[in-house]
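Only one structure is covered here, and it is reproduced in the block below.
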Amino acid sequence: MATPEAPRITVHGEAHVETDPDLARIGVTVTARGADRRATLEDLTRRNAAAVDLVRGYGAAVDSLETGALTLTPELTRRGRGEHVRTHHGTVHLTATLSDFTALGELVTRLADLDLTRVDGPWWSLRPTSPAHTQARRQAVEDAVHRARDYAHALGTEVAALLELDDTAPDHLPFGAGTARMAFATEGAEAPPPLDLQPQRQTATARVTARFTLHPPTL
């Protein structure tokens, strides 16, 4: 407990470091439709394989590729007293993360040119191991120390020792934070708007809470 002989102070430190992104993520939605369920599933499987092969063809430029769940949904129509399947709609989602942005524009264009394929993104991000996070954490601690010393000097004393440093707030934003851009290409759709694939600067943020003991002030 704080006492007049050993006063304590609690301060917050914060820092923001702006830097270029490390990763770009795009979402790919492959669809198929048809009256026959098996044929629709086979068509969807073929389209998905083509999209996967296209992404994997960029080799080291692709940091990761994830495939989501496949769905096949019947569309019903009423005929007489019963319901009948009018058509089947199949969908599968892919998520590709790139670390080489020189390949991004070409990949997005080629994916958008595939039939019944939609591309969302890109979303920009920093790696959790980015040096920007380390720099932000250090600056946040320095900010906390500076604040503590300012308060101590205002009280006519000095900081004696650090008691606790708490860093529980996230210091990086997840994928999808910020502005998202979208491309799409489907049969019968209008031409997609021009894509802005210029990498967006990212901000690494760190916040800390620090508790210090002070020398007894001479008030």
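The values are calculated or read from the model by the stated rules, or taken from the named source; none is laboratory data. These figures come from a predicted structure and were not determined experimentally. All accessible areas refer to the heavy atoms of the entire protein, side chains included, with ligands and DNA or RNA removed. Shrake-Rupley method; radii C 1.70, N 1.55, O 1.52, S 1.80 Å.
Data table
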| read-out | value |
| --- | --- |
| For the range 68-164, share of DSSP beta bridges that run antiparallel, in % to the nearest 5 | 100 percent |
| Cα shape, the range 1-63, gyration tensor, a/c 1.5 rule | prolate |
| Within the accessible area of the range 16-137 (1.4 Å probe), percent carbon and sulfur | 46 percent |
